[in-house]
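Reviewing the structure listed below.
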Amino acid sequence: MNKGLICPVCGKYEFEDFNDFDDCSECGWKINITQYDDHDFSDGYNPLSVNECKLEYALLKNSATAERARALKAAFVEEFRAVRKAFRDGGRLKTGITCEQSRSRESAVREEYVQKLRELAAEK
């Protein structure tokens, strides 16, 4: 069992181990062994990769970008949840949407959000 795992996003929280299913109290990142090892992996407990979470976290903590970053994050969370809810509530039988199509929509929402974060970071 690994002990003393520091949050790879903010570096301020120590997870006890990978079995906790714990959230970082500083940045909200959920412990995920795959993402912990591969900082570009954007699937699983966290819809963003570690590197994308780092960008988001930096923008949220920067006084010059925090307000816009919070608004972007709120819109992303709402849209991402809506995609998941539509699939969960309607499913393939009612909507004809396959798992692959739903995941593709999730990915598009994530990519659009990350692009907006990058644009905000470039404006600083």
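Structural remarks
- In segment 97-123, the residues that are without any contact (Cβ under 8 Å) to a residue 12 or more places away in the chain reach residues that are among the hydrophobic types (A, V, I, L, M, F, W, C) with C-beta atoms within less than 6 angstrom, at least six apart or across chains, in these pairs: Ile97/Phe87.
- Qualifying residue in segment 37-44 (condition: closer than 30 Å to Glu16 by Cα, without any contact (Cβ under 8 Å) to a residue 12 or more places away in the chain and of a type in the set (Phe, Trp, Tyr)): yes
- Boolean, Val83 is touching a helix residue (DSSP H, G or I) at 6+ places or on another chain (Cβ under 6 Å), free of Cβ contacts under 8 Å to residues at least 60 places away in the same chain and over 20 Å from Tyr13 (Cβ atoms): yes
- Test: residue in segment 7-15 that is within 17 Å of Ser107 (Cβ to Cβ), without any contact (Cβ under 8 Å) to a residue 60 or more places away in the chain, assigned to a loop (DSSP other than H, G, I, E, B) and not β-branched (Val, Ile, Thr): no
- Condition check for Leu48: farther than 17 Å from Cys7 by Cα, surrounded by 17 or more Cβ atoms within 10 Å (Cβ to Cβ) and either touching a Gly at 6+ places or on another chain (Cβ under 9 Å) or in contact (Cβ under 8 Å) with a residue 12 or more places away in the chain (or both): no
- Hey, Leu55 under 21 Å from Glu26 (Cα atoms) and in contact (Cβ under 8 Å) with a residue 12 or more places away in the chain or not: yes
- Where helices (runs of 4 or more DSSP H) fall entirely within segment 26-124, those with at least 2 residues that are within 16 Å of the chain's Cα centre (by Cα) and among the hydrophobic types (A, V, I, L, M, F, W, C) are at 50-61, 66-95, 99-123.
- One residue stands out among those in segment 74-103 that are surrounded by 13 or more Cβ atoms within 10 Å (Cβ to Cβ), modelled with pLDDT under 95 and among the small types (Gly, Ala, Ser): the one that is nearest to Leu48 (Cα to Cα), which is Ser102.
The values are calculated or read from the model by the stated rules, or taken from the named source; none is laboratory data. What you see is a predicted model; the values in this text were computed from it and never measured. Cβ atoms come from the backbone with ideal geometry, glycine included; neighbour counts cover every protein chain shown.
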